[in-house]
Amino acid sequence: MKTPLEEEQPQAVRKLGRGGETRWNWVEPEVWTERMLEALEKGVRGGRWHSLSDKVWSKEALRAGWREVKARKGCGGVDKQTVPMFESRLDDELKNLHESLCEGDYDVMPVRRVWIPKGNGQRRPLGIPTIRDRVVQASLRHAIEPIFERKFLECSYGFRPGRGCKDALREVDRLLKAGHTWVVDVDIEQYFDSIPHERLLKQVSREIADGKVLSLIEQYLKAGVMDGLKLWQPEAGTPQGAVISPLLANIYLHPVDEVITTNGYALVRYADDMVILCGTREEAEKALELLEQELRARGLRLHLQKTCIADATQWPGFEFLGYRFSAGYRAPRGKSLKKLRETIREKTPRKSGQGMPEIIRNVNATLRGWFEYFKHSSRYAFPKLDAWIRMRLRSILRKRSKRRGAGRGWDHLRWPNDYFSQLGLFSLVRAHELAFQSVTINWRAGCGRSARPVRREGET
């Protein structure tokens, strides 16, 4: 019987067939014409694309870039212009961008640096470009992404059309079940901040010969960074938060994908988060040695404290994309659980003035989204979380009853589990049971008569 993770079918990345009968339905139609798609399929003369700049800053392409930026929302950059402000004078803004790009006097503004807390107490830097720069970056990505997407390998899942985290997790699950249980758990030290600019541009230029497009990419790579009141110039890296950064990051690691897979190793990569799954420890050690050699040759290095070889059949196993794989089980990793608990704590203070139905509605909004991603965990991952959430709610009711401390003891009799169920509290345990039940029903329906038990002679 299939698990929920196996039951969900991955969205396949559209690929051009040999005869051209399969369309890339995700490409931006304002940029990629039928003629360009045909050239993409058959190959361009000399193997490099020359005339792309007009596709980047045409009025139609810029408007398509704006639609993407608007859909993603997000905050403003160093000029403090927001998405609604840009939209209020949209035609003028797009006209100015088009004219400045055509005349060659478009200047990239510095990115605004913000710091995002990480689960280990550290902070992760993000670079927020201005709205106008994000519009041009989106248009640029629409123009060049299909060129590189055609060459990317199946082992790469991060920030690619029609692919996502669950597809990568599904492949890891398949490989583990196939016996690839020795895992190289990889962490590249400060990858997005370490990509060498010149090497990246050289790699991009192997596919693109349009000097204006290459110059535009270089401007984004070398744009200043505004951290508070301090402005500085980066010597390497591409800022996380920029529209074009994920594609550039995938481009730079593509040769590593080729080397690892060509040598027969099973690689699953999501941006800079990757695992190599092997059959033996010796194979895993050789894979790690090869990977370290390739990364060093590209000016990158492994994080030695976080990169390791793990036996997935034993505790603690390894972590990948928020999950922990260990001893045949999948469960949310510790950081994922900690982040959920912190969010629930913020929504369930003991002195909350909201009514219990409103508190539960707020909690449910978090739990449903969290479960949608982590529903592929073992069923043993959910009972303690459900009990802890009810304890938080009982603590509020206990406080309102003029009693101190957390909900405990006889409180579970005064406010039993059914009390919270009747108020509509989302149960992780029940949701997991329903998810598995639907898969079981679908599996049996697909089996038809073969799903019925076969009686042997003498059985009643």
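The values are calculated or read from the model by the stated rules, or taken from the named source; none is laboratory data. Just so we're clear, the structure is a prediction, and the values are computed from it rather than from any experiment. All Cβ positions, even for glycine, are placed from backbone atoms using ideal geometry, and neighbour counts span all protein chains on display. Surface areas here come from the heavy atoms of the whole protein model, side chains and all, with no ligands, DNA or RNA. Shrake-Rupley method; radii C 1.70, N 1.55, O 1.52, S 1.80 Å.
Any residue that is open to solvent by 70 Å² or more (accessible area, probe 1.4 Å), farther than 27 Å from Leu176 by Cβ and not hydroxyl-bearing (Ser, Thr, Tyr) - is there at least one of those in segment 372-386?
no
It is to be established whether one or more residues within segment 139-156 are in contact (Cβ under 8 Å) with a residue 24 or more places away in the chain, crowded, with 21+ Cβ neighbours inside 10 Å, part of a strand (DSSP E or B) and in contact with a Lys or Arg (Cβ under 6 Å, 6 or more places away or on another chain).
Yes, segment 139-156 contains at least one residue that is in contact (Cβ under 8 Å) with a residue 24 or more places away in the chain, crowded, with 21+ Cβ neighbours inside 10 Å, part of a strand (DSSP E or B) and in contact with a Lys or Arg (Cβ under 6 Å, 6 or more places away or on another chain).
With over 19 Å from Asn362 (Cα atoms), surrounded by 12 or more Cβ atoms within 10 Å (Cβ to Cβ) and either of a type in the set (Lys, Arg) or touching a residue at least 60 places away in the same chain (Cβ under 8 Å) (or both) as the only criterion, which of Arg392, Arg414 stands out?
Unique residue meeting the criteria: Arg414.
Considering every residue within segment 5-22, establish whether at least one is polar (S, T, N, Q) and at pLDDT 85 or above. Full working, then the answer.
Within segment 5-22, the first condition is being polar (S, T, N, Q), and the residues that meet it are 9, 11, 22.
Now restrict to residues that are at pLDDT 85 or above: none.
For segment 5-22, residues polar (S, T, N, Q) and at pLDDT 85 or above: absent.
Kindly indicate whether Phe192 is in contact with a Gly (Cβ under 7 Å, 6 or more places away or on another chain), under 30 Å from Asp311 (Cα atoms) and buried (at least 17 other Cβ atoms within 10 Å of the Cβ).
yes
Kindly indicate whether any position in segment 337-360 is open to solvent by less than 70 Å² (accessible area, probe 1.4 Å), under 30 Å from Pro246 (Cβ atoms), modelled with pLDDT under 95 and assigned to a loop (DSSP other than H, G, I, E, B).
no
I'm told Arg269 meets every condition in (1) without any contact (Cβ under 8 Å) to a residue 40 or more places away in the chain; (2) buried (at least 21 other Cβ atoms within 10 Å of the Cβ); (3) of a type in the set (D, E, K, R) except one. Can you identify the failing condition by its number?
If we test Arg269 against (1) without any contact (Cβ under 8 Å) to a residue 40 or more places away in the chain; (2) buried (at least 21 other Cβ atoms within 10 Å of the Cβ); (3) of a type in the set (D, E, K, R), just (1) comes out false.
How do the pairs read when you match residues in segment 233-252 that are aromatic (Phe, Trp, Tyr) and at pLDDT 95 or above with residues anywhere that are part of a loop (DSSP other than H, G, I, E, B) and open to solvent by 30 Å² or more (accessible area, probe 1.4 Å), using Cβ under 8 Å and keeping only pairs 6 or more apart or on different chains?
Final answer for the pair search is Tyr252/Arg298.
Quick check on my filter: what residues within segment 165-178 are open to solvent by 40 Å² or more (accessible area, probe 1.4 Å) and either more than 30 Å from Val243 (Cα to Cα) or without any contact (Cβ under 8 Å) to a residue 12 or more places away in the chain (or both)?
Selection gives Arg174, Lys177, Ala178.
Can you tell me which residue among Leu321, Leu295 is of a type in the set (A, V, I, L, M), touching a residue at least 60 places away in the same chain (Cβ under 8 Å), open to solvent by less than 70 Å² (accessible area, probe 1.4 Å) and in contact with a Phe, Trp or Tyr (Cβ under 7 Å, 6 or more places away or on another chain)?
Leu321
Among the candidates Asn96, Asn120, which residue alone is at pLDDT below 95 and either in a helix (DSSP H, G or I) or open to solvent by 50 Å² or more (accessible area, probe 1.4 Å) (or both)?
Of the residues listed, the single one that is at pLDDT below 95 and either in a helix (DSSP H, G or I) or open to solvent by 50 Å² or more (accessible area, probe 1.4 Å) (or both) is Asn120.
For segment 324-335, what are the residues that are in a helix (DSSP H, G or I) and either modelled with pLDDT of 95 or more or open to solvent by 60 Å² or more (accessible area, probe 1.4 Å) (or both)?
The first filter runs over segment 324-335 and keeps only residues in a helix (DSSP H, G or I), leaving 334-335.
If the condition is that a residue be in a helix (DSSP H, G or I) and either modelled with pLDDT of 95 or more or open to solvent by 60 Å² or more (accessible area, probe 1.4 Å) (or both), then Lys335 is the only one that fits.
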